[in-house]
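One structure is given below, encoded as structure tokens.
The values are calculated or read from the model by the stated rules, or taken from the named source; none is laboratory data. Note that this is a predicted model, so its numbers are computed, not measured. Please note: Cβ atoms are built from the backbone with ideal geometry, for glycine as well, and neighbour counts cover all protein chains shown. SASA here: full protein model, heavy atoms, side chains in, ligands and nucleic acids out. Shrake-Rupley method; radii C 1.70, N 1.55, O 1.52, S 1.80 Å.
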Amino acid sequence: MAIRALGTLLLGGLLLTGCSEQPLPERQMRSDDCLRQLTFDQLAEQLKRCDEVVKAFPNNPGPLNDRYLLRSLIEPRQNRAACQDIRRANALAKQAKAGSLGITMQNELKLRLELCNTPLPTPTPAPAPAPAPAKG
């Protein structure tokens, strides 16, 4: 009887530990993760995630192109860093095999590089108001 009880106890223990739930493996990072599930109220967090994607894919112009967009959306102070990203992305694109970049990527890089190379207009001060006519 004692052996039977011990066997039942061991079997129960195996069942309990054998059925424990293991965490699901994390999804592997992809080069297009920067803009995945983009929400405008969490741009700073998404920029941090995109920084990790850029680090994971240092020779891929796509994440740099995406990070340009995020930086441009965040604030004007990010424009210099955004333009550095797009210049680096453009240099990587030039090194890529012919036909390996899609037409959309090529067009985005060209347009964004042009935007970075075009100086922003300086605001002109409003003209001074004309003097009031003299009363005579």
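Miscellaneous remarks
- Residue count for the stretch 49-103, restricted to those that are within 17 Å of CYS34 (Cα to Cα), touching a residue at least 12 places away in the same chain (Cβ under 8 Å) and among the aliphatic types (A, V, I, L, M): 11
So that you can scan it fast, the table gives a plain yes or no per residue for (1) touching a Leu at 6+ places or on another chain (Cβ under 8 Å); (2) open to solvent by 100 Å² or more (accessible area, probe 1.4 Å); (3) not polar (S, T, N, Q); (4) not in a helix (DSSP H, G or I):
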site: GLN28; (1), (2), (3), (4): no, yes, no, yes
site: SER31; (1), (2), (3), (4): no, no, no, yes
site: ASP41; (1), (2), (3), (4): no, yes, yes, no
site: VAL54; (1), (2), (3), (4): yes, no, yes, no
site: PRO58; (1), (2), (3), (4): no, no, yes, yes
site: LEU73; (1), (2), (3), (4): yes, no, yes, no
site: LYS110; (1), (2), (3), (4): no, yes, yes, no
site: ALA128; (1), (2), (3), (4): no, no, yes, yes
